[in-house]
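To start, the structure under review is shown below, and the notes come after it.
The values are calculated or read from the model by the stated rules, or taken from the named source; none is laboratory data. The structure presented is a predicted model; accordingly, all values stated were derived computationally and were not measured. Cβ sites come from the backbone with ideal geometry, for glycine too, and all protein chains shown count toward neighbours.
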Amino acid sequence: MSRMHRREFLNLGALAAGGALLAPRLSFAGVAQGKSRLVVVILRGALDGLAAVPPYGDPDYPRLRGDLALRAGGGPGGALPLDGYFGLHPALNFLHDSFGARELIVFHAVASPYRERSHFDGQDLLENGTPRAHGLQTGWLNRALSEMPHQAEREAGVALGQNVPLVMRGPAAVTSWSPSKLTVLDEDTLARITDLYASDKLLSVRLADALAADTIAAEDKGDAAMMAQPAQGGGARYAEVVHAAAGFLRQENGPQVAVFDTTGWDTHANEGGAQGQLAGRLAQLDAGLASLKQQLGPVWNDTAVLLVTEFGRTAAINGTRGTDHGTATAAFLVGGAVEGGRVITRWPGLSQQALYQGRDLAPTLDLRCVLKGLLADQLHVPSRSLEKTVFPDSASAKPLEGLLRG
């Protein structure tokens, strides 16, 4: 179940309190907390993996991408080199630095079991953890939280955004926080509400919980405000969510897991190459990850951040200088806990014969292999639970080992 934060609670007032009272208490104290942290970022809209991680060593890449292809070797407009075959989009400077620091793993030609091209079904399957869209009404990450050792007494996860996403819905209790467009109450009004609720045990507890959550999310707001200054709309929202995630994960007895999403990855037209629409999105994403590392401080050393999307995009550019819905794509695992400096892929190639259905990067790595290995090592979810509960019908997807530092 989820929870509202201070501004939502206070502005809704007593008339709407009944709904809020159904949520369990926000309690982060009194239970020993594991050191490991996991952040899952869902890139909604289908990230173009061939643009984010260009395979400039593949001879068919320039033919498919034309004047939007990123050349090798870095420099103005060039891909940031990784291993001589793959590079990163030049907007991803923080991720490139992380690769050099051995804190980033890039997964390429990766996909969930989904093979169609509907955003709604693709995202549902990505989050429900089964081989079928709408296969379950709970999410794989929530089910993983319920299988972690010693989770019955506290909320191990927090969802940040307007809604709790499917991946975090299920049997495990989680908390939530969302940026508010409502005016923050002044201290005098807040004091009056506190006095009003003081004689009601239930309301006073809920008010205290809401205040605690908002205090965590608002700590050291200056850094997030500076990051958000040049951004408008979604960029400012993203900066605020990243700041809140860091606030929750820094708490010694707070959640170990945070989830949020970003949007705008559906680049059907005017996608751009080294510069343009996609480059701007990637730059915002990269800046947010850099800010997350800075705000987490020493907690970053025990953190893994996974970035995933529902499917990839077509290998070739379309007639409107964009890309349409595809299949395989790229995913990223970054953090101080990551055994990085690697590109993990069984590269299928981009020849016409190698493309999936003659149009897409062919999938050769099951995303569930990444997820299983990560959950086993970072959250200590038992292997039997991963097979039976977290990812049912996934026997063919063997966990990737060695993703994290020993």
Segment 16-75, residues that are part of a loop (DSSP other than H, G, I, E, B), modelled with pLDDT of 75 or more and under 28 Å from Gln123 (Cβ atoms)
Ser36, Arg44, Gly45, Ala46, Leu47, Asp48, Val53, Pro54, Pro55, Leu70
Ala144 - would you say it is in a helix (DSSP H, G or I), small (Gly, Ala, Ser), at pLDDT 95 or above and under 19 Å from Thr389 (Cα atoms)?
yes
Unique residue being out of contact with any Ser or Thr (no Cβ under 9 Å at 6 or more places or on another chain) and among the basic types (Lys, Arg) when the list is Arg63, Arg37:
Arg63
The residue that is farthest from Thr327 (Cα to Cα), considering only those in segment 81-122 that are touching a Pro at 6+ places or on another chain (Cβ under 6 Å) and among the hydrophobic types (A, V, I, L, M, F, W, C), is Phe86
Select from segment 97-110 the residues that are out of contact with any Ser or Thr (no Cβ under 6 Å at 6 or more places or on another chain) and not in a loop (DSSP other than H, G, I, E, B) and write down the one among them that is nearest to Pro131 (Cα to Cα).
Val110
For Gly340, are the conditions met, namely being crowded, with 22+ Cβ neighbours inside 10 Å and either within 17 Å of Leu68 (Cβ to Cβ) or among the small types (Gly, Ala, Ser) (or both)?
yes
Select, from Gly122, Gly100, the only residue that is of a type outside the set (Phe, Trp, Tyr) and within 21 Å of the chain's Cα centre (by Cα).
Gly122
What is the one condition in (1) of a type in the set (Lys, Arg); (2) farther than 19 Å from Ile105 by Cβ; (3) in contact with a helix residue (DSSP H, G or I) (Cβ under 7 Å, 6 or more places away or on another chain) that Lys293 does not satisfy?
(2)
Answer yes or no: is there a residue in segment 319-331 that is within 28 Å of Pro62 (Cβ to Cβ), touching a Ser or Thr at 6+ places or on another chain (Cβ under 6 Å) and of a type in the set (Gly, Ala, Ser).
yes
Check Glu401, Glu387 and return the single one that is more than 20 Å from Arg342 (Cα to Cα) and of a type in the set (Asp, Glu).
Glu387
Just to be sure, is Leu278 hydrophobic (A, V, I, L, M, F, W, C), within 25 Å of Asp324 (Cβ to Cβ), at pLDDT 95 or above and crowded, with 24+ Cβ neighbours inside 10 Å?
yes
